[in-house]
1. Fully extended, how many nm does the chain gain between THR129 and MET21 (0.36 nm per residue separation, minus their Cα-Cα distance)?
2. Provide the gained length on full extension for the span VAL75 to GLU160, in nm with one decimal, where the gain is 0.36 nm per separating residue minus the Cα-Cα distance.
3. In nm, to one decimal, how far is the modelled label at ARG142 from the one at VAL13, with both set 7 Å along Cα→Cβ?
4. Relative to the present Cα-Cα distance, how much length would full extension add between GLU151 and VAL112 at 0.36 nm per residue of separation?
5. Could you sort 133-141, 81-89 so that the peptide with the highest average Cβ count within 10 Å comes first and the rest follow in order?
Amino acid sequence: MSSAVLYLAIVAVWAIVLVPMWLRRDTETTGITRLLHKRSEEPLVEDDEPEEIPDEIPEAIPEPRPRRRTTRATVIARRRRRTTGLTALTITAMAITASGLAPWWITVPPVVLLAGHLALLRVAVGMDTARRQAAAAAARARALEARRAAETPQPTDTTEPAEVIELVPADDVFDQYADDRRAVGE
């Protein structure tokens, strides 16, 4: 019975990792599209015989879908889902252990996963705080610079206008191809 619970716990841990990856995976057509792009970019074989090109080449290969930009709300939602899942797994493992269906060490993997996740969350919160403080400092610096620029009196235009010189075309324009010209030394 305890080996069945162990296998169940392993399946549950892998489900927490693999199910989100499976839900986010590329569609089958996107995978085939990438494969076709890769094959079309490969060079010909080094020998003199070119490879045979298949008769059925798709007319238009759709471009892969661009990835959506990750917003702060999606990151927070992902962290919340992962924390909830790991907490539920830990509570389930403890309940199975408390009921006597499994040994005590069955709770170790979920507890380690939850502790590691919470440690990563702590680091992420510190990085988020540092990023917010840097953005606030940059905004304060821009506001200070704008205020200083507004307070500084703008110089009035006291420069004299430039003198405009009219160019008169010269009558004797040098033409290197004229018949009466000679090279130096002739």
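Just so you know, all these numbers are worked out from the coordinates, no wet-lab data involved. The shown structure was predicted, so the numbers you read here are calculated from the model rather than taken from an experiment. Cβ placement follows ideal geometry from the backbone for every residue including glycine, while neighbour counts extend to all protein chains displayed.
1. Working: separation 108, 0.36 × 108 = 38.88 nm, distance 2.84 nm.
Using 0.36 nm per residue and subtracting the Cα-Cα distance, I get 36.0 nm.
2. 24.6 nm
3. Modelled inter-label distance: 4.7 nm.
4. Working: separation 39, 0.36 × 39 = 14.04 nm, distance 5.84 nm.
Taking GLU151 through VAL112 to full extension adds about 8.2 nm, to one decimal.
5. So the peptides 133-141, 81-89, ranked by packing, come out 81-89, 133-141.
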